[in-house]
Amino acid sequence: MTIMTGTYEHKIDDKGRLSIPPKLLEQLGEVFYVTVTTEQCLAVYSTERWEQILERLSEVPLSKQKKLRPLFANAAVYNDTKGRILLPQHLRDTAKLEKEVTVVGAGTRVEIWDTAQWARQNAIETEAESLEAAMEEIGL
């Protein structure tokens with residue numbers, strides 16, 4: 001599995017298009033998925049990772065699968081090697097994305113944040129206490 005890293009500042013154009021950084025686009029592959037998250041950002045998954053999520057989901061009862069309905073109902077599928085994608089308005093609205101965005105490699109996925117929101121989130125998460133607690137929680 002590819003590990004996605006890095007922070008890249010970009011702009012959404014007037015038509016709602018966003019360029020995915022070449023390094024991340026290469027790691028995502030030709031087909032990838034953009035959807036909502038539990039945070040104020042969008043998640044971008046490679047086909048490999050999306051299929052792992054589907055496989056895991058197929059192992060849980062339908063009553064629990066329904067809880068993830070928004071993940072799939074709001075997903076957009078891209079088959080793009082040029083790196084410029086059109087983000088649907090409903091996804092931009094959900095993540096409060098307007099013009100300035102930060103594209104973040106987040107391990108097994110890419111995240112798309114409003115730049116100001118990312119700055120606030122990153123400041124909190126990179127405080128020594130927060131980072132230490134997170135590493136301890138997962139056993140690092």
Criterion violated by THR81 - all others in (1) within 17 Å of PRO21 (Cα to Cα); (2) modelled with pLDDT of 90 or more satisfied: (2)
Hits in the stretch 8-65 (condition: hydroxyl-bearing (Ser, Thr, Tyr) and within 18 Å of THR94 (Cβ to Cβ)): TYR33, THR35, THR37, THR38, TYR45
Pick from the stretch 28-54, criterion of a type outside the set (A, V, I, L, M, F, W, C) and free of Cβ contacts under 8 Å to residues at least 40 places away in the same chain, ranking: nearest to ASP114 (Cα to Cα): THR38
Meets criteria (in contact with a Gly (Cβ under 9 Å, 6 or more places away or on another chain), of a type in the set (A, V, I, L, M) and modelled with pLDDT of 95 or more) for VAL34: no
Contacts under 7 angstrom Cβ, first residue in the stretch 107-134 being on the phi > 0 side of the Ramachandran plot, partner surrounded by 13 or more Cβ atoms within 10 Å (Cβ to Cβ), 6 or more apart: GLY107/MET4
Count of the stretch 74-97 residues which are closer than 22 Å to ASP114 by Cβ and without any contact (Cβ under 8 Å) to a residue 12 or more places away in the chain: 1
Every residue from the stretch 49-73 that is more than 22 Å from GLY105 (Cβ to Cβ) and under 14 Å from the mean Cα position of the chain (by Cα): PHE72
Positions within the stretch 120-140 being closer than 28 Å to PHE72 by Cα and part of a loop (DSSP other than H, G, I, E, B), in sequence order: ILE138
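The values are calculated or read from the model by the stated rules, or taken from the named source; none is laboratory data. These figures come from a predicted structure and were not determined experimentally. Reconstructed Cβ throughout: ideal geometry from the backbone, glycine too, with neighbour counts over all protein chains shown.
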